[in-house]
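The values are calculated or read from the model by the stated rules, or taken from the named source; none is laboratory data. Keep in mind the model is a prediction, meaning the values are calculated, not measured. Cβ placement follows ideal geometry from the backbone for every residue including glycine, while neighbour counts extend to all protein chains displayed. SASA here: full protein model, heavy atoms, side chains in, ligands and nucleic acids out. Shrake-Rupley method; radii C 1.70, N 1.55, O 1.52, S 1.80 Å.
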Amino acid sequence: MRPVLVVGPHRTGTSIVTRIVSLLGPRLCVEGDRMVSDDPAKISPDNPTGHWESRSLTDFNDELLAHLGGTWHAPPEPMPPADLLVRLESHSSDAGERFHRVHPSAGWVWKDPRLCLLLPFWIRALGADPIVVLTVRGPRDVARSLARRNGFGPAHATALWQRYTSAALRHCAGLRTVIVRYDRLVDDPAAQIYQLREALDHHGAPVQANDAGLEEAIATVDPELRHYRCEDLATEPATTGHVVRLLRSLGDDYESFPRLEPLEMDSASTELLASQRQLARTESTARWMNARLRNLETEECCRTEAVVPDRHLPTIRCCTRAEFFDVQRSELFADRYKMELLIARRHQTEERFTLPGFCLPCRLPVEFELDWQYAHPPIDATWLSDDGSPLELKIPNWRERILCPHCGMNNRQRAIAAEIREAVRRQQARRGVTPRIYLTEQVTPMFSYFADRSAEAECVGSEYLGPRHRGGSIRDGIRHENVEALSFGDASFDMVVSCSVLEHVNEPLAAIGQLARILRPGGELFLEVPFDISKEHNTRRAHHLGDNVQHLLPAEYHGDPMSEAGSLVFFDFGWEFFDQLREQTDLSWSLVTYWSLELGHLGGAQFFFHGLRD
């Protein structure tokens with residue numbers, strides 16, 4: 001008495017076929033676990049007769065897909081059946097227990113479209129010799145049905161059909177397989193159901209001998225179930241032609257389904273599903289962080305630091321520009337860029353929006369705040385378009401405009417603050433004393449962050465108050481320093497931090513020398529400046545001539561907490577700046593790149609410079 005597995009992509013008739021099979025004899029899962037309702041108010045218009053599948057097993061299959069790095073609508077990358085079994089081996093025993101809990105009797109029927117992707121795993125986990133009923137429907141029909149039910153675009157829906165159908169055809173190899181074509185079933189249910197019953201009976205399924213179930217099965221098929229209609233498979237999209245040709249060539253009943261390889265998807269569909277996997281990971285992170293936020297609010301502990309062990313800023317250190325460009329050209333970098341485009345597209349119509357995440361300096365789950373100030377067009381977003389045409393998108397200034405609502409720091413500030421805090425721990429462990437830090441800022445969220453943590457480190461900050469002030473003087477609680485001629489003695493600090501300051505300095509080389517001069521042996525220097533990775537040389541925009549300024553390029557100003565007029569930009573930096581750091585100091589320099597969706601560090605090539613005095 002062989003069991004029956006109903007396999008087929010979403011919207012190919014797996015639900016109605018499963019109901020038909022169950023009326024012919026094989027048993028469905030226990031009623032309490034069944035995805036079907038007798039309450040008319042709870043019946044979905046897209047599956048008016050019910051889904052006829054196990055709710056718990058569907059959830060378990062979602063867990064398996066997540067373990068493989070995907071979801072049902074963003075399936076994991078194709079892999080050989082042997083690799084699939086290895087990846088999911090640890091779930092086998094749990095799978096068998098879960099299955100028999102809801103299918104306690106032999107002679108069962110079970111359907112889930114996810115079986116297209118997971119069939120080898122379940123065959124092994126159940127130790128079964130099943131009959132596979134493979135449902136077939138054209139990709140255009142499926143695409144329209146998915147658009148109606150889920151709002152998927154044609155390209156996404158067609159790519160899903162390709163992925164699921166290709167996997168099902170591959171995984172059915174060697175299995176007893178009966179093919180049910182959805183169009184024929186709806187057009188002539190009696191003939192198709194008679195044929196299905198004969199095939200099931202022939203292969204050893206527990207089919208009833210009387211015609212009562214057969215008549216009820218025929219009556220179950222409503223012609224209105226076919227919401228959309230295509231003439232035949234010959235009219236289907238060219239991108240699915242190789243799979244369509246295979247389907248057209250297949251018979252209806254196999255003692256052993258033929259091996260059909262290779263079944264490769266077209267590159268556009270492959271890339272689209274890869275982007276959907278990235279978006280699914282974004283959504284998963286969002287759900288996780290929102291749950292964390294709800295838990296914290298319930299526990300009324302938002303004012304305290306959450307205990308999150310082993311979470312650090314993910315960084316890659318590059319000692320040369322070649323190493324940096326190797327990182328930038330990597331597949332990982334490209335995937336990050338695509339994820340950022342998907343996030344930007346989702347929020348295009350919102351004036352402001354938030355992203356759930358975790359602020360590493362605050363050690364708290366937060367809703368990062370973003371807007372479109374300083375937004376810019378994307379480098380390339382054509383892959384987001386169904387027809388390859390350019391899309392008009394705006395991309396947030398990830399560097400400046402991902403703000404934590406608690407500490408007020410943006411992306412770049414939080415990254416350096418997190419690294420400085422790690423450096424403080426290193427200094428404390430090595431020297432056993434409280435480190436001393438100098439920041440070339442004093443009225444900023446970053447300075448306030450460290451000033452509030454005086455038990456961890458002694459923090460000194462300053463601002464430039466104008467040429468008439470003496471270095472080290474105090475006005476209204478603000479210390480004045482000119483970074484080109486600092487008033488501190490040599491080797492005064494364990495750490496020196498300068499963020500977005502050197503581009504506003506007339507002679508940045510002099511400033512670099514001063515910052516290195518005040519650093520103690522074993523000390524660390526953190527520098528962050530706007531930096532154009534496409535430029536070889538620095539560009540001087542303005543020059544101080546006595547009390548006057550000579551503009552070599554149109555004046556450009558950045559925000560300045562000390563002046564509403566902003567701060568004039570004197571230099572645009574290129575790779576020459578990295579060379580100058582090594583030439584002007586005796587420090588060991590690296591360029592530190594970072595990126596993390598969860599920690600609110602987006603923007604692709606975000607980085608700072610780190611110098612270490614041996």
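Observations on the model:
- The one condition in (1) outside any loop (DSSP other than H, G, I, E, B); (2) open to solvent by 60 Å² or more (accessible area, probe 1.4 Å) that Glu536 fails to fulfil: (1)
- Residue in the stretch 562-582 that is outside any loop (DSSP other than H, G, I, E, B), within 30 Å of Gln427 (Cα to Cα) and open to solvent by 60 Å² or more (accessible area, probe 1.4 Å) present: yes
- Residue that is nearest to Glu524 (Cα to Cα) [pool: residues in the stretch 583-594 that are open to solvent by 30 Å² or more (accessible area, probe 1.4 Å) and either in contact (Cβ under 8 Å) with a residue 60 or more places away in the chain or touching a Cys at 6+ places or on another chain (Cβ under 8 Å) (or both)]: Asp586
- Of all residues in the stretch 436-448, those that are surrounded by fewer than 20 Cβ atoms within 10 Å (Cβ to Cβ), out of contact with any Phe, Trp or Tyr (no Cβ under 9 Å at 6 or more places or on another chain) and not in a helix (DSSP H, G or I) total 2.
- You will find that of Glu456, Glu484, the residue that is open to solvent by 10 Å² or more (accessible area, probe 1.4 Å), closer than 30 Å to Arg430 by Cα and either of a type outside the set (A, V, I, L, M, F, W, C) or touching a residue at least 40 places away in the same chain (Cβ under 8 Å) (or both) is Glu456 and no other.
- Residue ID - farthest from Ser22 (Cα to Cα), chosen from residues in the stretch 88-105 that are at pLDDT 90 or above and open to solvent by 60 Å² or more (accessible area, probe 1.4 Å): Glu89
- Residues of the stretch 413-435 that turn out to be open to solvent by 10 Å² or more (accessible area, probe 1.4 Å), part of a helix (DSSP H, G or I) and either closer than 16 Å to Gly523 by Cβ or of a type in the set (D, E, K, R) (or both), as a count: 9
- Test: residue in the stretch 512-526 that is basic (Lys, Arg) and out of contact with any strand residue (DSSP E or B) (no Cβ under 8 Å at 6 or more places or on another chain): yes
- Unique residue being open to solvent by less than 10 Å² (accessible area, probe 1.4 Å) and within 21 Å of Asn150 (Cβ to Cβ) when the list is Ala74, Ala66: Ala74
- Single residue of the stretch 33-75 satisfying the filter (among the hydrophobic types (A, V, I, L, M, F, W, C) and in a loop (DSSP other than H, G, I, E, B)) that is modelled with the lowest pLDDT: Ile43
- All positions within the stretch 595-614 that are open to solvent by 20 Å² or more (accessible area, probe 1.4 Å) and more than 30 Å from Leu279 (Cβ to Cβ): Leu612, Arg613, Asp614
- Of Arg124, Arg163, all but one fail to be in contact (Cβ under 8 Å) with a residue 60 or more places away in the chain and either over 15 Å from Thr14 (Cα atoms) or over 26 Å from the mean Cα position of the chain (by Cα) (or both); the exception is Arg163.
Table: residues versus (1) part of a loop (DSSP other than H, G, I, E, B); (2) closer than 19 Å to Ser249 by Cβ; (3) at pLDDT below 95.
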| position | (1), (2), (3) |
| --- | --- |
| Ala143 | no, no, yes |
| Arg149 | no, no, yes |
| Phe152 | yes, no, yes |
| Trp161 | no, yes, yes |
| Ser166 | no, yes, yes |
| Arg170 | no, yes, yes |
| Asn210 | yes, no, yes |
| Ala217 | no, no, yes |
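- Filtering the stretch 12-32 to residues that are on the phi > 0 side of the Ramachandran plot and crowded, with 22+ Cβ neighbours inside 10 Å leaves only Gly13.
- For the stretch 529-549, the condition holds for at least one residue, the condition being that it is more than 30 Å from Ile478 (Cα to Cα), within 39 Å of the chain's Cα centre (by Cα) and hydroxyl-bearing (Ser, Thr, Tyr).
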